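Presented below is the structure to which this report refers.
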Amino acid sequence: MYANQFSLFGLKMVAVLVILTAIGLSHGAESTEGPDERGGRVATQIESEIEEDSRFGPVWSRGMVWYQVFPERFANGNPGNDPVQARSTTVLWDQPFDEPTIEEIERAWILSAGEPLRFWFDPGQAGGAIANVIFQRRYGGDLQGVLEHLDVLQELGVEGIYICPVFTSTSLHKYDAADQRHIDPTLGHPGEISTIGGIGVVEASTVGDPSDESTWDWTPADVWFVETFIPAVHERGMKIILDGVWNHVGRDHWAFDDVIKHGRASKYADWFEAEFDDYWGSGQLIGWKSWNGKNGDLPVFRQTETGDLAPGPKAHMMAVTRRWMDPNGDGDPSDGIDGWRLDVANEIGRPFWKDWRLLVKELNPEALIVGEIWFDGREYFDGTAFDAQMNYPMAYAVADWLSIGHMKGDARSLVARLREVYSHDLETDLSQLNLMSSHDTERLASLMHNDHQRSFDNGAHPWRDSETYDRDTVSDDALVRALVAYMLMVANPGASMIYNGDEFGMVGADDPDDRHPINPEHFSSGGVDSRSRWFRDEVRWIMGLNRDPGFGELIRFGDAEWEASEDGAGVRVTRWIGDRALVVSIGPCGIVWREGGDGNAGGLISEVNHRFERGESCWGVDLRLVEWPE
């Protein structure tokens, strides 16, 4: 709620309570209208009338449904491009996650013997043998697998896909880029890869001009991504944003590799926070700043005293941005991606983001910029940095209410926190990337199941916390509360994001346990059993509400206010535009809501009543579309 609108809302809220009291709040009432069953984005009259403001994200991003893809574990659409690398072992898709193969153990031991400072092998560590090999394991997921499932995702209600890094890297997560000029061939090559050693390290001398993308070549994976994958997404009316990692790269990155080889004499020596041997005069590289610790695997780019990236890497990141937003360089961005999710966004200074945003919006004024920020990102929403953030602050509040917080079950505390979470400009809040889980956290079902008191993204390590954390099972009640979390996420302002696999109620502790390969039967049959199919069907219903002919506009564009039920067990979210309001009441079945008024102040337009019910657990959702009284 925004301060200058509070008094007006208070008067209207009284009217809504009058209306709701008059028409009743039984969970068992008959629905008169349901969500639109059609797939794809539905352009609305309100959307077409909204005037763009360069400070805010594009109108299309407001209230939409995103799906986060972790490519290596999503689906294997092309076994021919499976990784063949000296540092990793590719296993069958159905290889049990906790069972290391003999080949994996042998490879891990050899790597630790050859590079003990970079790789380790300690059978006595928490997790045992699997902990020594899991980060070098590959299952072979790729973008071809994503392409094959676009229709399945659209049927789920997905309107945009956010894909974790896809640029060349030998790791499974690819946040340690070796070359951001190219799509990793193990993710995008349309043919076969058979070269032992896999990708290899690019020689800096072959790169061309790092600041001029027109001097770079196009690989088969690049061409497939631009000419096949992006058009397939856009043809379905869907959007695509990529993960931009501009803060650091991997040790195999062509520029850092050149510094390793040539030390201070490298033309890229000033790209990094590096130390060279001056004592003996060799100029060799002897140390560097890394995101994961001194001399680690993620060397960071040097920043100036003002917080800008150093000129070399800055120019290169600008060129990389141009390459994927306007691949053919003709000034028409329709052949490029629709925006970026920015990794560790708060670790790069504001001068860089100001210039980078200007470039992005010049290339495509309709592009979306989302920062990975784990705290309230309001300082970045002034039109000089990001349009929105990954809305972890919302996840903290909802997780505490439904599962892990000391205020569990206290909707009054939840209301106070949500009012603070959504206290930015309305246009910003409508584009926020609401989420309950991601590749960096435990899965949603496991978050609900392990409901002992702890903080978000803590106490969920698959091995170190094994005595208190159950990573293998999930109760019916936890699945019901997971659906409640999704329902509240959609009822709140902003876009909603599903982490791949969570739509089936998959279990998983924190990294690496949240990155199990998804069983193909989930996609082919809508779930591997009746329980997962039921869960997915409920998620589909929730995610379809933003396309409901009566509710959709209010979910996408409406202002918001929150209140707790009279007994403090449930929460009510009211979204409104002009003289119409959508009132979403969420709580355990049999909840008591505050009464008031004589029931003659307005009228009900439509209603939907729904239950999330499994076993002995039951939560109800009432959606009422009402008209404000004159």
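The values are calculated or read from the model by the stated rules, or taken from the named source; none is laboratory data. Keep in mind that what you see is a predicted model, and the values were worked out from it rather than measured. Here the Cβ is made from the backbone with ideal geometry for all residues, glycine too, and neighbour counts use every protein chain on show. Accessible surface areas use protein heavy atoms only, side chains included; no ligands, DNA or RNA. Shrake-Rupley method; radii C 1.70, N 1.55, O 1.52, S 1.80 Å.
Things to note:
- Single residue of Arg341, Arg357 found to be in contact with a strand residue (DSSP E or B) (Cβ under 9 Å, 6 or more places away or on another chain), outside any helix (DSSP H, G or I) and basic (Lys, Arg): Arg341
- Screening the candidates Leu285, Leu309, Leu298 for the property of being aliphatic (A, V, I, L, M) and farther than 25 Å from Arg118 by Cβ yields one hit, Leu309.
- Once the range 203-219 is narrowed to residues that are open to solvent by 90 Å² or more (accessible area, probe 1.4 Å) and small (Gly, Ala, Ser), the residue that is farthest from the chain's Cα centre (by Cα) is Ser205.
- Qualifying residue in the range 494-501 (condition: in contact with a helix residue (DSSP H, G or I) (Cβ under 9 Å, 6 or more places away or on another chain), of a type outside the set (Gly, Ala, Ser) and in a helix (DSSP H, G or I)): no
- No other residue among Glu362, Glu379, Glu347 is closer than 23 Å to Phe167 by Cα, at pLDDT 95 or above and open to solvent by 10 Å² or more (accessible area, probe 1.4 Å) apart from Glu347.
- Condition check for Trp291: at pLDDT 95 or above, open to solvent by 60 Å² or more (accessible area, probe 1.4 Å) and among the aromatic types (Phe, Trp, Tyr): yes
- Single unsatisfied condition, Val249 versus (1) in contact with a Pro (Cβ under 7 Å, 6 or more places away or on another chain); (2) surrounded by fewer than 14 Cβ atoms within 10 Å (Cβ to Cβ): (2)
- The set of residues in the range 119-147 that are out of contact with any Gly (no Cβ under 9 Å at 6 or more places or on another chain) and open to solvent by 30 Å² or more (accessible area, probe 1.4 Å) comprises Trp120, Phe121, Asp122, Pro123, Gly124, Gln125, Ala126, Gly127, Ala129, Phe135, Gln136.
- Among the residues of the range 434-451, those identified as within 16 Å of Val507 (Cβ to Cβ) and open to solvent by 20 Å² or more (accessible area, probe 1.4 Å) are His449, Asp451.
- Pairs where the first residue, in the range 108-132, is under 23 Å from Tyr469 (Cα atoms) and the second is of a type in the set (Asp, Glu) and surrounded by 13 or more Cβ atoms within 10 Å (Cβ to Cβ), C-beta under 6 Å, 6+ apart: Ile130/Asp98
- Residue satisfying all of: in the range 199-227; under 14 Å from Tyr268 (Cβ atoms) and acidic (Asp, Glu); modelled with the highest pLDDT among these: Asp209
- Filter result for the condition that a residue is open to solvent by less than 20 Å² (accessible area, probe 1.4 Å), in contact with a Leu (Cβ under 7 Å, 6 or more places away or on another chain) and more than 24 Å from Phe375 (Cβ to Cβ), over Val484, Val480, Val490: Val484
- Contacts under 7 angstrom Cβ, first residue in the range 577-595 being at pLDDT below 95, partner of a type in the set (Ser, Thr, Tyr) and part of a strand (DSSP E or B), 6 or more apart: Trp593/Ser585
Here is a yes/no grid of residues against (1) more than 30 Å from Thr473 (Cβ to Cβ); (2) acidic (Asp, Glu); (3) without any contact (Cβ under 8 Å) to a residue 40 or more places away in the chain:
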position	(1), (2), (3)
Ile373	yes, no, yes
Asp376	yes, yes, no
Met390	no, no, no
Tyr396	no, no, no
Leu402	no, no, no
Val421	yes, no, no
Ser431	yes, no, no
Ala445	no, no, no
His461	no, no, no
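- Residue in the range 460-473 that is of a type in the set (Val, Ile, Thr) and not in a loop (DSSP other than H, G, I, E, B) present: no
- Pro100 fulfils the conditions (1) under 27 Å from the mean Cα position of the chain (by Cα); (2) open to solvent by 30 Å² or more (accessible area, probe 1.4 Å) except for a single criterion, (1).
- Filter pass, Val84 being in contact with a Gly (Cβ under 6 Å, 6 or more places away or on another chain), modelled with pLDDT under 95 and part of a loop (DSSP other than H, G, I, E, B): yes
- In the range 340-361, the residues that are more than 26 Å from His173 (Cα to Cα) and touching a helix residue (DSSP H, G or I) at 6+ places or on another chain (Cβ under 7 Å): Leu359
- Of the criteria (1) among the acidic types (Asp, Glu); (2) surrounded by fewer than 23 Cβ atoms within 10 Å (Cβ to Cβ); (3) free of Cβ contacts under 8 Å to residues at least 60 places away in the same chain, which one Asp184 fails: (2)
- Where strands (runs of 3 or more DSSP E) fall wholly inside the range 511-630, no range has 1 or more residues that are open to solvent by less than 20 Å² (accessible area, probe 1.4 Å), of a type in the set (A, V, I, L, M) and in contact with a Cys (Cβ under 8 Å, 6 or more places away or on another chain).
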